[in-house]
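Each remark here refers to the structure printed beneath this line.
The values are calculated or read from the model by the stated rules, or taken from the named source; none is laboratory data. In this text, all values refer to a predicted model and were calculated from it rather than measured experimentally. Here Cβ is always computed from backbone atoms with ideal geometry, including for glycine, and neighbour counts include all displayed protein chains.
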Amino acid sequence: MAKKKDAIAVLKDDHDKVRKLLSDIEDTTEEDVDQREDLLMQLEREIKIHYQIEEEIFYPAFRDAAEERDERKMFFEATEEHHVVDLVLPEVKEADPASEVFAAKAKVLKELIEHHADEEEQEMFKAAREIMTAEELQDLGDQLRTRKEELLQEWTEESQDESPRARASSRSQSPSRQQPRSDGA
Ligand SMILES: [Fe+2]
Ligand SMILES: [Fe+2]
């Protein structure tokens, strides 16, 4: 039986998908209004769901396994970086895709998201491999995958009645993200 992806592989796949969407957005111009709206919609879905599964499942597990102050710092910093992306994303959604401002805001968002993903891969995921067992990471991978499927389903149901255009221009219609669990579960 082929081995299933562990938590880190699942999260890295998401990162790669997001990096691709960000560079596709960067390649658009003011003329590609529909494409910008469509790509932004996909980006929003990927980012929100990815951050949610990290905050609900991966980050608490990492925090609980963290032994050193530096590792706990990674947890707190990562959570704050999600928060900053959450603040900037609505601004890009509200910018006119036919304007130069859109590209500027999208560029800032791209840098924020990429910085965060790079740091996770280079620091947090590396540390996770040291402080968590292969079995734990495998189990977390299953949990992340299951939760992601649920959230994708919710997202699809919510957007069913909305046209892409209406959805892209509406304010923050995504399922709200829960607070990271603090019960150590
Ligand atoms: Fe993250
Ligand atoms: Fe991530």
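On the stretch given as the range 57-74, residues that are within 16 Å of Arg147 (Cβ to Cβ) and within 12 Å of ligand 1 (Cβ to nearest atom) total 4. Taking the conditions exactly as written (of a type in the set (Asp, Glu), assigned to a helix (DSSP H, G or I), away from ligand 1 (no atom under 16 Å from the Cβ) and farther than 16 Å from Glu44 by Cβ), does Glu136 satisfy them or not? Answer is yes for this residue. Of the helices (runs of 4 or more DSSP H) lying entirely inside the range 1-71, those containing at least 1 residues that are of a type in the set (S, T, N, Q) and within 12 Å of ligand 2 (Cβ to nearest atom) are 33-53.
Please find, within the range 9-20, the residue that is farthest from ligand 1 (Cβ to nearest atom) out of those that are under 18 Å from Glu114 (Cβ atoms) and not acidic (Asp, Glu). Among those residues, the one meeting the criterion is Lys20.
Check whether at least one residue in the range 21-42 is touching a helix residue (DSSP H, G or I) at 6+ places or on another chain (Cβ under 7 Å), within 12 Å of ligand 1 (Cβ to nearest atom), of a type in the set (Ser, Thr, Tyr) and at pLDDT 95 or above, and report yes or no. So far as the range 21-42 goes, no, none of its residues is touching a helix residue (DSSP H, G or I) at 6+ places or on another chain (Cβ under 7 Å), within 12 Å of ligand 1 (Cβ to nearest atom), of a type in the set (Ser, Thr, Tyr) and at pLDDT 95 or above.
Could you tell me whether the range 111-121 includes any residue that is farther than 18 Å from Val84 by Cα and part of a helix (DSSP H, G or I)? Yes, that holds for at least one residue. Within the range 83-132, the residues that satisfy the criterion of being closer than 21 Å to Asp27 by Cα, aliphatic (A, V, I, L, M), within 15 Å of ligand 1 (Cβ to nearest atom) and without any contact (Cβ under 8 Å) to a residue 60 or more places away in the chain are Val85, Val88, Leu89, Leu112.
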